[in-house]
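All remarks here apply to the structure that follows.
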Amino acid sequence: MPILCLLVAAILTSFTVLQQPTRPEAPADSTFYAVSYVEVIASASAQTRAINSLKQYREASRKQDGWVRTEFFEQVGRPGHFAIVEAWRDQQAFDARGAADQKRLVDALQPIRVSDYDQRPYKTLTVGSRPPPPNGRTVAVVSHVDVTPNAQVPVILRRLADASRKEKGNIRFDVMQHTMRANHFTVIEIWQSPKAFDAHVSAAHTKQYRDEIQPMTGSPLDERVYKANE
């Protein structure tokens, strides 16, 4: 009889556990990013033409379903070298966008470019809340992290992003992972001023990140400073 009672109690306990409401999992972030690079002739007229063409492309993309934002940055100390960062609702929206818009951009850049239009696909690793758009006074930093396959790298990058977002003067700290090369990451930082960025570079968590990541890198850390184009 005691054994029967224990069995009944165990069954009732299991039934109660099964009846407990489960927390729904947070939906996966399906945002798709296209990060592109192009370099044009280092002359004022070529740079102006490139910026105007990029603005026209942004305005055309804005009208497409699933568009989130398009930003472009010009490298400090290397006039005419641009990084373009596009965010779309998902890859389907990116694939369905007006391909003619990008063709018009590439065609407009053709007479003045000195490098091809290099575009790479990314997904979210860790992205903070949507920040205000950068302006000409902010400092933008785009870094490429190529590593040997290691499950600890995403953990290290997330920890760096979490700590950096808490720093004074940080506007944005996003990390994206290549959709086809899981060991390739792009980090996008926006800082209120050069002083804020310099403080970040010397911060303890930045030094820890670099010390941890260095043995796993497949190439020297590629960190470039840009100015935003409004």
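Listed by first and then second residue, the pairs with beta-carbon distance under 6 Å, at least 6 apart or on different chains, first residue in region 136-154 and closer than 27 Å to Q192 by Cα, second assigned to a helix (DSSP H, G or I) and aromatic (F, W, Y), are V139/F197. Filtering region 122-151 to residues that are within 12 Å of the chain's Cα centre (by Cα) and at pLDDT below 90 leaves G128, R130.
Taking residues in region 187-199 that are in contact (Cβ under 8 Å) with a residue 40 or more places away in the chain and at negative phi, and partners anywhere that are among the charged types (D, E, K, R) and assigned to a strand (DSSP E or B), the pairs with Cβ atoms closer than 6 Å and at least 6 places apart or on different chains are I188/D174; I190/R172.
Rundown of residues vs (1) within 17 Å of the chain's Cα centre (by Cα); (2) of a type outside the set (S, T, N, Q); (3) surrounded by fewer than 19 Cβ atoms within 10 Å (Cβ to Cβ); (4) closer than 21 Å to K227 by Cβ, yes/no style:
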residue: R49; (1), (2), (3), (4): no, yes, yes, yes
residue: R62; (1), (2), (3), (4): no, yes, yes, no
residue: R69; (1), (2), (3), (4): yes, yes, yes, yes
residue: E74; (1), (2), (3), (4): yes, yes, no, yes
residue: A83; (1), (2), (3), (4): yes, yes, no, yes
residue: A96; (1), (2), (3), (4): no, yes, yes, no
residue: K103; (1), (2), (3), (4): no, yes, yes, no
residue: D107; (1), (2), (3), (4): no, yes, yes, no
residue: R120; (1), (2), (3), (4): yes, yes, yes, no
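Taken over region 3-52, the residue count meeting the criterion of being at pLDDT below 75 and among the polar types (S, T, N, Q) is 6. Just one residue in the set V114, V40, V35, V68 is touching a residue at least 40 places away in the same chain (Cβ under 8 Å) and within 30 Å of L157 (Cα to Cα); that residue is V35.
Annotation note: Cβ proximity below 9 Å between a residue of region 156-172 that is touching a residue at least 40 places away in the same chain (Cβ under 8 Å) and surrounded by fewer than 19 Cβ atoms within 10 Å (Cβ to Cβ) and a residue that is in a loop (DSSP other than H, G, I, E, B) and of a type in the set (A, V, I, L, M, F, W, C) (sequence gap 6+ or interchain) occurs for A163/A203.
Note on region 97-121: residues that are more than 25 Å from V175 (Cα to Cα), assigned to a helix (DSSP H, G or I) and not β-branched (V, I, T) total 9.
The values are calculated or read from the model by the stated rules, or taken from the named source; none is laboratory data. Just so you know, these numbers come straight off a predicted model, no measurement behind them. Cβ: placed from backbone, ideal geometry, glycine included. Neighbour counts: every protein chain shown.
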